[in-house]
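Throughout, read-outs are computed from the coordinates displayed, never taken from laboratory work. None of the values given here were measured: they were computed from a predicted structure. Quick reminder, even Gly has a Cβ in these numbers, built from the backbone with ideal geometry, and neighbours come from all protein chains shown.
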Amino acid sequence: MDTVPAAVAGALRRTIDGGGIVCVLTGAGMSAESGIPTFRGTRDSLWSRFDPMRLATADAWREDPALVWGWYRWRMQGVRDAQPNAGHRALAELARHVPLSLVTQNVDDLHERAGSVVDGHVHGSLFALRCFACGRAHTALDDYMEGAQRVEPMRCTACGDRIRPGVVWFGEALPDDAWASAVDAAERCALMLVVGTSGLVYPAAGLPALARRHGATVVEINPEPTALSAEVDHVWRATAAEALQQLSVLPRSIDRHSSAGR
Ligand code: OAD
């Protein structure tokens, strides 16, 4: 696919002409081209290789904190070693030309490292460490031990309990501020781009329908069909990097055309 589908270009043009906001909802597929594994869909996906009930719940943490911390330290290191891809950079570029609200389910920091402001990390952030018991924020990370499956978590300087990753585990509530920002962006946007998510995990997967109910045009960018495909206005079968690079240059050509007509 080497051109922006006409329906998508038209929706972006109408949004710009009408002074509207673009909301971008990203999932694990956004970071796939940076080498970060997705959760589902391939043999290498995280939930094909690991049991989320042993690694991504509060009960799993209580049961075996060293196993859970070791796994998250491995994931953190994978993110540290990765670089933002052309899709992340294209979104930062798009935001220079169009009012854009970025909501992500991803717990990595690749959007920020590409220069974007993230309005809502609805599933938290790997690096936003906090105490499991008292909630105090912590920034220091222990040394990464390659190949170590179990790593005893660091201890909270305030209460002595263990420090956990800042992600949302199964069964936990979403962070209030991030979720409020996500709902606000979904309700206000004229165009929503749904990039690289399987659309299986709620409530985040309900944001495209919310945007549509409030009048937005919703476009899915994903090389594969998803649970959301039937509910969006347009599907664009391309990778995040392919599609967003093409989309990010459109506002400049729209600007050029409008100034030429003045
Ligand atoms: P999934 O792993 O469920 O889905 C990844 C999606 O990305 C699939 O639809 C793929 O087709 C698509 N994809 C793969 N490569 C792509 C590429 N290069 N460009 C664009 N799309 C691509 O990831 P999420 O939908 O983000 O929750 O998963 C939702 C939540 O489930 C995660 O946030 C996580 C997980 O359990 C928590 O950790 C709470």
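Before moving on, here are some points about what is shown:
- Any hit, the range 20-29, residues being near the ligand (Cβ under 8 Å from one of its atoms) and either β-branched (V, I, T) or without any contact (Cβ under 8 Å) to a residue 40 or more places away in the chain (or both): yes
- Hits in the range 172-231 (condition: β-branched (V, I, T) and more than 13 Å from the ligand (Cβ to nearest atom)): V183, T217, V218
- Note on the range 181-208: residues that are of a type in the set (A, V, I, L, M), in a helix (DSSP H, G or I) and in contact with a strand residue (DSSP E or B) (Cβ under 8 Å, 6 or more places away or on another chain) total 5.
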